[in-house]
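Coordinate-derived values only; no laboratory data. Given the structure is predicted, the values throughout are model-derived calculations rather than measurements. Cβ atoms come from the backbone with ideal geometry, glycine included; neighbour counts cover every protein chain shown.
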Amino acid sequence: MEMLQKTFKNAVGWIDDRLGLSATLGPMLRHLVPHDARWWYVFGSATLCAFMIQVVSGVALAFAYSPSATDAYPTLQFITHDAPFGNFMRGLHYFGASAMVLMVGLHMAQVFLFGSYKFPREMNWMTGVLLLGFILLMGFTGQLLRWDQNAVWSVVVAAEQAGRIPLIGEWVARFTLGGETVGGATLNRFFAIHVFIVPALTFAFIGLHLLLVLRHGVAEPPKAGEPVDPKTYRANYQALLKKSGRPFWPDAAWRDVVFCVGMIGAIALLAVVFGPPELGKPPDPSIIAADPRPDWYLLWYFAVLALLPHGTERIFMVFGPLTAGLLLIVLPFLAPSGERSPLRRPWAVVGVLLTVTVIGALWVVGRKSPWSPNFSPEPLTAQIVGATSGPIFAGAQLFQEKSCIDCHLIQGRGGLRGPDLTFIADKLRTSDMIIRIVNGGVNMPAYGAKLKPAEIEYLVAFLESRTKPLR
Amino acid sequence: MTLPLIGFIFAPLFRRDPAVWRTVGKVGDFKVGETSAVDFLDASPLPWAGMTAKTAAWLRRTSEQDFIAFAINCSHLGCPVRWQPSAGLFMCPCHGGVYYEDGSVAAGPPPAPLARYPVRVWGGEVQIQTRPIEIQRG
């Protein structure tokens with residue numbers, strides 16, 4: 001028994017020695033980190049952890065997924081409804097992606113608030129920004145691999161946005177579509193990008209990102225009144241590690257492990273309870289009744305594109321994301337030294353709060369998308385109309401026939417695009433109503449040529465009857 | 001090595017599909033003054049394209065011999081616009097673009113009218129000429 005143990009130990013020792021595992025990885029794992037780098041520091045490793053889930057679940061899905069324009073949809077149906085654990089595997093991949101986006105956001109916010117992007121960690125930040133870009137690209141291309149109706153229209157929307165790039169826009173759009181229209185070549189391009197190109201880039205940049213963490217060390221939690229001075233920072237940091245540093249493994253790493261395990265548990269639970277997003281209609285571009293929406297992490301941007309002042313989107317679609325990306329990349333050069341503590345950088349705190357609030361608000365409004373017409377509004381009842389014949393009744397019929405109701409509410413029924421007209425007679429005079437109906441507005445068609453004078457009269461009679469009941 | 005690699009990946013940029021006339025129905029199938037959805041195959045579909053090679057259009061018969069074929073793609077971001085017959089409007093489900101029956105912009109963010117396909121009557125059949133998806137330039 002003892003001999004067996006000895007042989008085993010020798011074998012392990014031989015492998016370790018010849019591969020140089022302990023010699024290479026040991027110092028990396030035991031590198032000193034500030035003693036007070038605690039729970040705020042888990043989000044980076046959590047992003048990596050979510051990425052590993054994506055790699056594992058993604059490879060598993062690739063065992064059944066067929067990246068072909070014709071077969072992708074049926075294979076996804078098979079994975080979702082027939083394959084053992086297929087539904088769970090898709091759920092894992094979906095919630096893993098969600099976790100990755102969430103964790104990279106938290107990691108970025110923490111690094112920004114702690115001023116950790118400053119000297120000497122500028123490149124840590126910049127590689128991180130690129131990784132954020134890769135993650136979002138992975139999310140978007142992943143949604144397309146679902147290859148249902150929503151995916152097909154998302155490709156078209158992506159191509160149209162790419163088309164706005166000056167000079168080369170049309171080429172980029174054609175490259176996105178894989179030709180002149182959506183077709184047999186489209187899906188395979190996104191498959192190659194999602195499964196090979198972006199993951200390879202992500203692996204490479206994660207490697208570089210981690211090497212830079214080792215090179216420059218984990219930034220100590222900032223203290224107000226201790227600004228970064230490039231002349232003295234490195235010496236001070238080394239002195240700090242010497243005085244009170246702790247080895248990363250196991251003193252700090254256990255928190256990463258605990259958080260990662262907890263996150264995997266949460267992702268698995270969500271995958272079991274909620275499952276993956278249901279597949280939409282088949283990827284047939286000739287089915288016109290479609291309602292394309294991006295997944296939640298890009299829903300806020302979908303809202304941006306609806307809410308921009310008309311005419312500005314041409315410029316914004318290209319320069320908006322470009323400016324945001326560039327601003328993030330060059331951030332370390334805008335504030336390379338000085339105070340790191342958020343207590344001394346109120347604008348940094350305001351910036352993060354503002355970003356979160358704006359994205360949150362856009363997300364909420366994107367879910368509701370009040371700018372989209374309601375194509376199947378509930379009909380107005382006789383009780384709501386308040387008449388079963390005569391001009392008011394005829395006006396109510398026209399209000400529904402002419403799609404006014406698709407964009408306007410009457411007692412909670414209809415669309416949200418235009419103003420709620422439940423009590424419009426209390427706000428608008430008859431002449432104003434006629435002007436608006438006839439001439440339309442920025443977001444309303446002009447009905448002047450569409451309605452006969454009598455029809456306008458009926459419509460107005462109906463609208464004039466929309467008053468608050470007298471108490 | 002590099003040249004063939006780039007050539008292979010970027011081939012779709014340089015491949016120009018021929019414009020092909022596709023029959024979408026008989027003249028009698030469409031009533032004057034009405035707009036209906038039609039679909040047809042792309043110009044040169046890849047053998048494995050399946051249903052993705054289909055394209056839809058809105059076909060409006062304006063007189064005995066005249067038709068207009070509108071692309072279903074909203075000029076804002078390409079989403080498929082729906083025809084609301086009783087209102088006589090095309091409406092976009094994505095960001096609320098609206099077009100009149102002649103394809104001109106009625107409301108919302110679209111920067112241009114609906115694109116049109118060439119259309120002809122040939123031997124009693126209505127034919128639409130295939131063309132690339134209209135990409136709005138910056």
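Along the Cα→Cβ direction, 7 angstrom out, place labels at B:Asp29 and A:Leu210. What is the inter-label distance in nm?
Inter-label distance under the simple model: 5.9 nm.
Enter the mean number of other protein chain beta carbons within 10 Å of the beta carbon of each residue in B:5-17, as an integer.
Mean partner-chain Cβ count within 10 Å for B:5-17: 3.
Quick check on the exposure proxy: order A:Leu421, A:Leu409, A:Leu326 from fewest to most C-beta atoms within 10 angstrom.
A:Leu326, A:Leu409, A:Leu421
What list of ³J(HN,Hα) values in whole Hz, one per residue of the stretch A:286-299 in order, does the Karplus curve 6.51 cos²θ - 1.76 cosθ + 1.60 (θ = phi - 60°) give from phi, with Gly and Pro shown as x?
Karplus values, whole Hz, x for Gly and Pro: 8, 7, 7, 6, 10, 9, x, 9, x, 5, 4, 6, 10, 4.
Would you mind pulling out the separation of the Cα centroids of the stretch A:237-292 and the stretch A:84-107, in Å?
Using only Cα atoms to place each centre, the spacing works out to 6 Å.
Per the Kirkwood treatment, what hydrodynamic radius in Å, one decimal, follows for chain A from the mean inverse distance over all distinct Cα pairs?
Details: mean 1/r = 0.0374 Å⁻¹.
In chain A this quantity evaluates to 26.7 Å.
For the stretch A:367-419, what does the equivalent ellipsoid look like in terms of its semi-axes, each the square root of 5 times an eigenvalue of the Cα gyration tensor, given largest first in whole Å? Spell out each step's value before the answer.
Working: eigenvalues 95, 20, 12 Å².
Computed over the stretch A:367-419, the values are 22, 10, 8 Å.
Just from its helices, what would the mean residue ellipticity at 222 nm be for chain A, if runs of 4 or more DSSP H residues each count -39500 (n - 2.57) and the sum is divided by every residue, rounded to the nearest 500 deg cm²/dmol?
Calculated at 222 nm, the ellipticity per residue is -20000 deg cm²/dmol.
Measure nothing fancy, just the Cα-based angle from helix A:149-163's long axis to the longest principal axis of chain A, in degrees from 0 to 90, nearest 10.
Once rounded, one gets 80 degrees.
Roughly what percent of Cα-Cα pairs across the stretch A:8-52 reach past 17 Å?
58
Within a 10 angstrom radius of the beta carbon, how do A:Ile384, A:Ile456, A:Ile437 rank from fewest other beta carbons to most? Walk me through the intermediate numbers first.
Details: A:Ile384 15, A:Ile456 19, A:Ile437 22.
In order of increasing Cβ crowding within 10 Å: A:Ile384, A:Ile456, A:Ile437.
Just tell me how shielded A:399-405 is by partners: mean number of partner chain Cβ atoms within 10 Å of each residue's Cβ, no decimals.
3
Residue by residue through the stretch A:395-408, what is 3J(HN,Hα) from phi via Karplus (6.51 cos²θ - 1.76 cosθ + 1.60, θ = phi - 60°)? Round to whole Hz and write x for glycine and proline.
Per-residue couplings from phi come out as x, 5, 4, 4, 4, 8, 4, 8, 6, 4, 5, 4, 10, 10 Hz.
Holding the Cα-Cα limit at 29 Å, pick out from A:Lys427/A:Lys450; A:Lys368/A:Lys427; A:Lys281/A:Lys452; A:Lys281/A:Lys450; A:Lys6/A:Lys243 the pairs that are longer than that. Please report the intermediate quantities before stating the final value.
On the way: A:Lys427/A:Lys450 25 Å; A:Lys368/A:Lys427 26 Å; A:Lys281/A:Lys452 40 Å; A:Lys281/A:Lys450 34 Å; A:Lys6/A:Lys243 39 Å.
Check vs 29 Å cut-off fails for A:Lys281/A:Lys452; A:Lys281/A:Lys450; A:Lys6/A:Lys243.
Which shape class applies to chain B: rounded if a/c is under 1.5, otherwise prolate when a/b exceeds b/c and oblate if not, where a ≥ b ≥ c are the square roots of the Cα gyration tensor eigenvalues?
Oblate.
Sort out for me the Cα centre separation of the stretch A:169-214 from the stretch B:72-138, rounded to whole Å.
Cα centroid to Cα centroid, the span is 31 Å.
Which Cα, out of A:Gly225, A:His31, A:Ala158, lies furthest along the positive dipole direction of chain A (beta carbon charges, K/R +1, D/E -1)?
Checking the options against the dipole of chain A, the answer is A:Gly225.
Roughly how far apart, in whole Å, are the Cα centres of the stretch A:316-350 and the stretch A:294-308?
22
Quick one: helix A:233-244 against the long Cα principal axis of chain A, what's the angle to the nearest 10°, folded into 0 to 90?
It is inclined by approximately 70 degrees.
How about the stretch A:282-344: which trypsin sites (Lys or Arg not before Pro) there lie in a loop by DSSP and see at most 16 other Cβ atoms within 10 Å?
Answer in residue order: no site qualifies.
Could I have the simple spin-label model distance between A:Leu137 and A:Thr24, label points 7 Å from Cα toward Cβ, reported in nm to one decimal?
Inter-label distance under the simple model: 2.7 nm.
If the reach is capped at under 15 angstrom between alpha carbons, list the aspartates and glutamates near B:Lys26, excluding any in the same chain fewer than eight residues apart.
Cα-Cα hits under 15 Å: B:Glu34, B:Asp39, B:Glu64, B:Asp66, B:Glu125.
Which of rounded, prolate or oblate describes the stretch A:234-317 when judged by the alpha-carbon gyration tensor and an a/c cut-off of 1.5?
It comes out oblate by the Cα gyration axes.
I need the P(r) histogram for the stretch A:137-251: all alpha carbon pairs, bin width 10 Å from 0 out to the longest distance, whole percents.
Computed distribution, short to long bins: 12, 28, 18, 13, 19, 11, 0.
Sort A:265-278, A:367-380 for me by packing, meaning the mean count of neighbouring Cβ atoms within 10 Å per residue, highest on top.
My ranking of the peptides, most packed first, is A:367-380, A:265-278.
In debye, nearest 20, what is the charge dipole magnitude of the stretch B:17-130 about its Cα centre with +1 on Lys and Arg Cβ and -1 on Asp and Glu Cβ, if you could check?
With only Lys, Arg, Asp and Glu charged at Cβ, the dipole is about 80 debye.
Kindly put A:Ile315, A:Ile15 in sequence by how many other C-beta atoms sit within 10 Å of each C-beta, fewest to most. Let's see the in-between values first.
Numbers: A:Ile315 13, A:Ile15 10.
Sorted ascending by nearby Cβ count, the order is A:Ile15, A:Ile315.
Modelled label-to-label distance, A:Thr467 and B:Val20, 7 Å Cα→beta-carbon offset: nm?
So the two model labels end up 6.4 nm from each other.
Which value in Å does the Kirkwood hydrodynamic radius of the stretch B:2-49 take, with 1/r averaged over all unlike C-alpha pairs and then inverted? Please report the intermediate quantities before stating the final value.
Details: mean 1/r = 0.0695 Å⁻¹.
Computed over Cα pairs of the stretch B:2-49, the Kirkwood hydrodynamic radius comes out at 14.4 Å.
Under 25 °C and 0.890 mPa s, how fast does the stretch A:1-142 diffuse according to Stokes-Einstein, given a Kirkwood radius computed over C-alpha pairs? Answer in µm²/s, whole number.
D, rounded to a whole number, is 130 µm²/s.
Take every residue in peptide A:287-294, count the Cβ atoms of other chains within 10 Å of its Cβ, and give the average of those counts.
What the average comes to for A:287-294 is 5.
If N is the number of residues in the stretch A:359-471, what value comes out of its Cα radius of gyration divided by 2.2 N^0.38 Å?
1.09
Report the semi-axes of the equivalent ellipsoid for the stretch A:278-423 in whole Å, largest first, where each axis is √(5λ) for an eigenvalue λ of the Cα gyration tensor.
In descending order the semi-axes read 44, 20, 13 Å.
Please turn the phi angles of the stretch A:91-108 into ³J(HN,Hα) values with the Karplus equation 6.51 cos²θ - 1.76 cosθ + 1.60 (θ = phi - 60°), one per residue in order, whole Hz, x for glycine and proline.
Once rounded to whole Hz, the list reads x, 4, 5, 6, 6, x, 5, 4, 4, 5, 5, 5, 5, 5, x, 5, 4, 5.
Counting other Cβ atoms within 10 Å, keep those with at most 12, restrict to DSSP loop, and tell me which GluC sites (Glu not before Pro) in the stretch B:55-132 are left.
B:Glu64
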